[in-house]
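Trainee: Next up is a structure, given as structure tokens.
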Amino acid sequence: MSASTVTFSSIDALHKRAAKVKAEQEKHSMEVLVCAGPGCIAQGAKEIYQVITDKLDEHKTALKKKKLEVGVQLVSKCTGCHGMCEAGPVVTLEPSHHFYTHVTAKNAGDIVEKAILEGEIIEKLLYHQEARKGGNTVKRYTDIPFYALQNRIALRNVGVVDPLDLDDYLAHDGFKAIAKALTSMTPEEVADEVEKSGLRGRGGAGFPTGRKWKSALRVKKDRVWVICNGDEGDPGAFMDRAIMEGDPYSVIEGMLLGAYALGATEGYIYVRHEYPLAVKHLQLAIEKMTAAGLLGDKILGTDFSFHLKLTRGGGAFVCGESSALMRSIEGKVGEPRAKYVRSVEKGLHDEPTVLNNVETWTCIPAIIHKGASWFSSLGSKTSKGTKAFSLVGKVKHTGLVEVPMGRTLREIIFDIGGGIIDDRPFKAVQTGGPSGGCLPIDKLDLPVDFDTLAKAGAMMGSGGMIVMDDRTCMVDVAKYFINFLIGESCGKCVPCREGLRQVYDLLDKITRGDGEMDDIDKIEALCHTMEVASLCALGKSAPYPVTSTIQYFREEYEEHIRDHKCRAGVCKPLIKYHINKDCTGCLVCKRQCPVEAISGEKKKLHIIDQDICTTCGICMEVCNFDAVDIISGGVTVTQQLEKAAK
Amino acid sequence: MIKAVEKPVSHSEKDKTVRITIDGRSIDAPKGMNLLEVARSNGIDIPSLCYHPGLEAFGACRLCVVEITKPGWENWRKLVTSCLYPVEEDLIVYTRSPEVMENRRVVLDLQLARVPNSDVIRQLAAEYGIHDTTYTKRKDADNCILCGICVRVCEAVGANAISTLSRGPDKYVEVPDPEACIGCLACAESCPTDAIGWHEENGIRHIWHRDFELVECETCGKPILTQQQIDHFVEKSGLEERYFAKCDSCRKKETAVSISRVMF
Amino acid sequence: MSEQVAEKTCTCAEKFNGTLQAIFDRYPREESSLIMVLQDVQEELNWLPPEAINCVAENLNVPKAKVQGVATFYRAFSLEPRGKKLVKVCMGTACHVRGAGMLVDELERRLEVNAGKGMSPDGEFSLETVNCVGACAMAPAIVVGENYYANMGPDKLKRLLNKERES
Amino acid sequence: MTKRLIVTPYRCTDCKNCEVACSFVHTSDPRKPSLTRIRAYTLKNAVKTVVTCLQCDEAACVTVCPVEALVRNPITGAIERNERCITCKMCTYACPFGNIHFDNSNSEIVKCDVCEGDPACAKVCPTRALVWADKPQPDLAPDEEIDIAPMPWAMKMPSR
């Protein structure tokens, strides 16, 4: 579909265009959606798109004969959200919801010639329920539990609309909310509606969005800024990335509504530079909207003006913290400020500023369009609506999951996510990124919303959900997060800068087997000071991964210290690799060993020289016969885990 | 032009004082003034290492953290940074509660691990009962506690030569562009832990990897300041260069001479 | 005063054949453009040489010390030359639990370079660890240039590097 | 402000009592006359006089201070250095009369603050060459028109 070059001089003109585009699209009896996520692109999605377009052209007459009007779109559907990146490139047929995986340039033609023209189902390209084991095939993606159990609001357009095509967005009810606000709502009414919806900020702390807006309205000001926080830095979270890449117009429409409600004329979108595609799509969206009269002066012929700029982040996790983000937009080092004077009073350039994250902004158009009561009918008592999570780690179906608040962890991980890879035992789920905590198995029935997670010592955060199995060492996980935070701490305040360094030292000591029992107390005391006395949210929440693992997995810490044992076989100084009797003498490990620590001859048991071995684990990785064991604390970890798993 | 008068305060603003309680004492303070200043001007000591009254509050050292609550919320207590916290009506403040003292101890312990050789920090830590750090001492430790005072002072002077580089535990203070330094020593003199080394010898001042030749007083020949300082001050103040030709003692004597000339 | 400085002709831009001038023209010459400008300069030159940093400082009228502070604070900037291709190993949590650490060790060994420092002896590669490229579903992931490699293992690295060397 | 330090040079005997008193009050170490805010001189022509800060109306020191550390005390009329000072020493160079000094040993700016409205120098002056008085008193000066003396600083004697 060609890009819109029309400039809408009035709201009527916008409605007319939307109706026209919709009518045109409805003529299509079929849509072919080719995934354009980085995974699929890397595996040749663009080529496939070309093949399908060419094939459709080639069979023009045949299609006409069958009265088939086919549209093709390259959509950012996958971006991890289907969790099918490994099954990519992915092609979806609409409206039949037929879903083909592992498409190649060679068999892409089949989709046109067989699936479209003949109406056949291409069996060999179907999705396998148990992806890695063969198992049942599924024809429609809507039948995959991963999708069937979801309720998508923030992700409503991701993978559905063409992120580069303004017309396509229009055809999917795009800009209806802003048109409604501009024609029939006062700014206060927009803010009221958002407040009534019960929407809470999706960025982490869950502050009620409507209340934030209302307090900004009460501040006397000459100018107010509206900012979208797209600096999604939590490792393991990519909801915002998917939205910015797949549905940039919704984000901007949300900001338009916010600007209208707050009387803002200028705004920023701050995007991580690690997301080049998101930057590109948002930039294009801004350009197209400006050309169409949806951004800039006198939007849609009304007196409402709003100018939007995009800034790329410089690669600092701490800039996800709002005050640091604002410093970064000002071109400064991203050091946070204390928030005793709220940013709605003194934010960007010391002027009143309303900042919300990508997911929050995306929800706004839906709320205005469908009404606050529709939104608040979903979710739990204190947390309304839905929340997108990125379900990753050792779970079968990884990807983006959006469910109403209040669903349990079990539903998300086992019903939607399909459980743990290889059906291993579940050990913990880490929510809320580096600021969150690890929850053990007995918290699985916890309903997920802002308050229950916080009570359990974890955190909603931006919505990362990392599933861990029995082969994950919790001390190592704590160490990983502290290490991450050391790299990301801005270094301004003492508890965070010095405290993290010391906590890491202590954790490292424990994972080396040199720990002492009172190190755990030392860590806890340090964590307490960091939590209460750090300057910003990063420092205050930095100890959660440690405190939660100590709270729920204390015995694992003690094992490391007392028995010099890592029960998951992860902590390198505490483990040894050993080749057992199952060795067939195939020489694969010997060849792969980077330090030549393995000796042995063909068809003879190989031996690892422990003095040379660097415990890199490659031998275990490459062994096809499960003949490499990990030994820790005098116990064969691998066997013990298998036993426990059974 | 004249700054030396009290900042104009309108009557309505003047009335905006708030009554707060610090450690059980009832205190009237101008609304919006920071808690640290209110406490200190009332003789209540709150330790701090990064606060400087002439500079924008920074909030990095975390020593000035105090506990606050409000009447009727007694179960709710929160640690806040007193150098940044604007006072408000009815605030109840504890500057030496167990939580505050514990926090100060841990923070000083951490500082001591960072700068084990600093006398200032050793002394301060000793006041809180810490004579040796419980944590791992930093290797090759200098005395810098990253309080940021030097950076802010240099900014106030207008030279903007000092900056913190890198981030997290690797953060350090540096003059990345020695050319910008005017050698005024304000940073070194404001440093609470004397971490910025400098020395003067034979009319040469050495600071931040750079030698500055000192301009001598045209009357007595005493080295007074650097040419870079003169250039900077001339540009900033609009004063003529001749202002800087003599040392203050010689100028004072000159004043005496002119007085005598006028009078006799 | 600020206008005066802005009008000053840039003496350092010549070294870069006017490429930096084009970048400065894209943004308002003020402090808030700093990070964007540095990013564009780095894109142009592959790293931030000291002369370029001075040039940016002069043209945006920001003290050099501040530009240095910003350039060293943000991870996106490299103050030393980098190899032709940048190998980014995702260290996101999902990748970590699926063994990204092993990949870094192995890459450091194979490329003879430390992560985040310098480049391989042949000047082909620089190695960097990044915090989540948002490809968690493909964990552990490696990005070389613009190519994403999913489900990596230490044993697959040799082939990957050979492929990247050739292309 | 009503009072000011009034210097009547011809009465000065260069006895240095004022210097001692000043350093005693401010440093409790009278052995450091170089750091006194006030100095007595015997000039080449045997004229004796004291020089101390004039608390100028439009004071150069105040103008150049980057952090508003020099502020006039509304009660005493003196320009006082407060704790905002960052020791950049701009004021010491800016004062045309050489009346602000830097104390190296304590790293601080030294300046006359009229002892919070009770200047010790005036109290100890045996010849009334220094007086802390309401206004120029006719019997003190041969030419009582001190205000019209052809010296810029004299004309800018504090008036508030």
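Each value in this text was obtained by applying a stated rule to the coordinates, not by laboratory testing. Everything quoted here is computed from the prediction, not taken from an experiment. Ideal geometry is used to build each Cβ from the backbone, glycine not excepted, and the neighbour counts take in all protein chains shown.
Trainee: Could you please report the charge total around A:A177, scoring K, R as +1 and D, E as -1 over all other residues with beta-carbon less than 14 angstrom from its beta-carbon?
Mentor: Numbers: positive: A:R156, A:K176, A:K180, A:K370; negative: A:D173, A:E189, A:E193, A:D247, A:E253.
For residues surrounding A:A177, the net value is -1.
Trainee: Would you order C:M152, D:M90 from fewest to most other beta-carbon atoms within 10 Å of each residue's own beta-carbon?
Mentor: On the way: C:M152 24, D:M90 30.
Going from sparsest to densest Cβ surroundings: C:M152, D:M90.
Trainee: Now for a separate question. What does the charge count near C:K85 come to, summing +1 for each Lys or Arg and -1 for each Asp or Glu among other residues with Cβ under 13 Å from its Cβ? Intermediate results must be reported in sequence, preceding the final value.
Mentor: Details: positive: C:R82, C:K84, C:K88, C:K163, C:R165; negative: C:D122, C:E124, C:E128, C:E146, C:E164, C:E166.
Taking every other residue near C:K85 into account, the sum is -1.
Trainee: Report the calculated FRET efficiency for C:K84 and A:E113 (r = Cβ-Cβ distance, R0 = 56 Å), to the nearest 0.05. Don't skip to the answer; put the middle values down first.
Mentor: Numbers: r = 42 Å, r/R0 = 0.75.
Step by step, r from the Cβ atoms, then E = 0.85.
Trainee: Here's another thing I want to ask about it. Compute and list, largest first, the equivalent-ellipsoid semi-axes of segment A:166-376 from the alpha carbon gyration tensor, each √(5λ) rounded to a whole angstrom.
Mentor: Details: eigenvalues 109, 81, 55 Å².
Sorted largest first and rounded, they come to 23, 20, 17 Å.
Trainee: At a Förster distance of 51 Å, what's the computed FRET efficiency of A:K196 paired with B:T17, Cβ-Cβ distance as r, to 0.05?
Mentor: Values: r = 39 Å, r/R0 = 0.77.
In this case the efficiency is close to 0.85.
Trainee: Of A:K590, A:K214, how do they rank once you tally other Cβ atoms within 10 Å and put the fewest first? Don't skip to the end; give the middle numbers.
Mentor: Working: A:K590 21, A:K214 18.
Least crowded to most crowded, the residues run A:K214, A:K590.
Trainee: Using only the alpha carbon atoms of segment A:474-562, find the Kirkwood hydrodynamic radius as the inverse mean reciprocal pair distance, in angstroms to one decimal. Spell out each step's value before the answer.
Mentor: Details: mean 1/r = 0.0795 Å⁻¹.
Across segment A:474-562, the inverse of the average 1/r is 12.6 Å.
Trainee: Taking only the C-alpha atoms, wrap a convex hull around segment B:15-96 and report its volume per residue in Å³ as a whole number. Intermediate results must be reported in sequence, preceding the final value.
Mentor: Details: hull volume 7.2 nm³, N = 82.
Hull volume over Cα atoms, normalised by residue count, gives 87 Å³.
Trainee: Which net charge results when you count Lys and Arg as +1 and Asp and Glu as -1 among the other residues whose beta-carbon is under 14 Å from that of A:E195?
Mentor: Details: positive: A:K196, A:R200, A:R211, A:K212, A:K214, A:R218, A:K384; negative: A:E188, A:E189, A:D192, A:E193.
Net local charge, A:E195 excluded: +3.
Trainee: Can you give the calculated 222 nm mean residue ellipticity of chain A, where each DSSP H run of n ≥ 4 adds -39,500 (n - 2.57) and the sum is split over every residue, rounded to the nearest 500 deg cm²/dmol?
Mentor: On the way: 25 runs with 253 residues, N = 646.
Theoretical 222 nm ellipticity from helices: -11500 deg cm²/dmol.
Trainee: Can you give the Kirkwood hydrodynamic radius of segment A:575-645 from its Cα pairs, in Å with one decimal?
Mentor: Values: mean 1/r = 0.0822 Å⁻¹.
Kirkwood hydrodynamic radius for segment A:575-645: 12.2 Å.
Trainee: After finding the eigenvalues of the alpha carbon gyration tensor for segment A:203-259, what semi-axes result from the square roots of 5 times each, listed largest first in whole Å? Write down the numbers at each step before the final one.
Mentor: Details: eigenvalues 122, 43, 18 Å².
After scaling each eigenvalue by five and taking roots: 25, 15, 9 Å.
Trainee: Here is a further query. When the Cα atoms of the protein assembly as shown are enclosed in a convex hull and the volume is divided per residue, what value in Å³ results? Mind dumping the intermediate values first?
Mentor: Details: hull volume 249.8 nm³, N = 1237.
Once divided by residue count, the hull of the protein assembly as shown is 202 Å³.
Trainee: What full-extension length gain, to one decimal in nm, is calculated for A:T265 and A:A148 as 0.36 nm per residue of separation minus the Cα-Cα distance?
Mentor: Working: separation 117, 0.36 × 117 = 42.12 nm, distance 4.08 nm.
Extending this stretch completely gives an extra 38.0 nm.
Trainee: How big is Rg to Rh over chain A, alpha-carbon atoms, Rh as the Kirkwood inverse-mean-distance radius? Let's see the in-between values first.
Mentor: Values: Rg = 26.7 Å, Rh = 26.6 Å.
Radius of gyration relative to Kirkwood radius: 1.00.
Trainee: OK, next. Taking 1 over the mean of 1/r across every pair of different Cα atoms in segment B:149-263, what Kirkwood radius in Å do you get? It would help to have the intermediate numbers written out before the result.
Mentor: Details: mean 1/r = 0.0632 Å⁻¹.
Result for segment B:149-263 stands at 15.8 Å.
Trainee: Arrange A:V103, D:V71 by Cβ neighbour counts within 10 Å, fewest through most, would you?
Mentor: Details: A:V103 27, D:V71 19.
Ascending number of Cβ neighbours within 10 Å: D:V71, A:V103.
Trainee: Cα convex hull of segment A:227-325: how many Å³ per residue? Don't skip to the end; give the middle numbers.
Mentor: Values: hull volume 8.6 nm³, N = 99.
Hull volume over Cα atoms, normalised by residue count, gives 87 Å³.
Trainee: No solvent, one uniform scatterer per C-alpha: report log10 I(q)/I(0) for chain B via the Debye equation at q = 0.07 1/Å, two decimals.
Mentor: The calculated log intensity ratios at q = 0.07 Å⁻¹ are -0.37.
Trainee: For the protein assembly as shown, what is the charge dipole size about the Cα centre, in debye to the nearest 20, if Lys and Arg each add +1 at the Cβ and Asp and Glu each add -1 at the Cβ?
Mentor: Working: 155 positive and 167 negative charges, 206 e Å.
For this selection, approximately 980 debye.
Trainee: Among C:V41, C:V70, C:V56, whose mean-square fluctuation peaks in a Gaussian network model of chain C (Cα, cutoff 10 Å)?
Mentor: Residue with maximal mean-square fluctuation among C:V41, C:V70, C:V56: C:V70.
Trainee: Based on a Kirkwood Rh over C-alpha pairs, give the Stokes-Einstein translational diffusion coefficient of segment D:4-131 at 25 °C and viscosity 0.890 mPa s in µm²/s. All intermediate terms of the calculation are to be shown ahead of the outcome.
Mentor: Details: Rh = 14.9 Å.
Once the numbers are plugged in, D ends up at 165 µm²/s.
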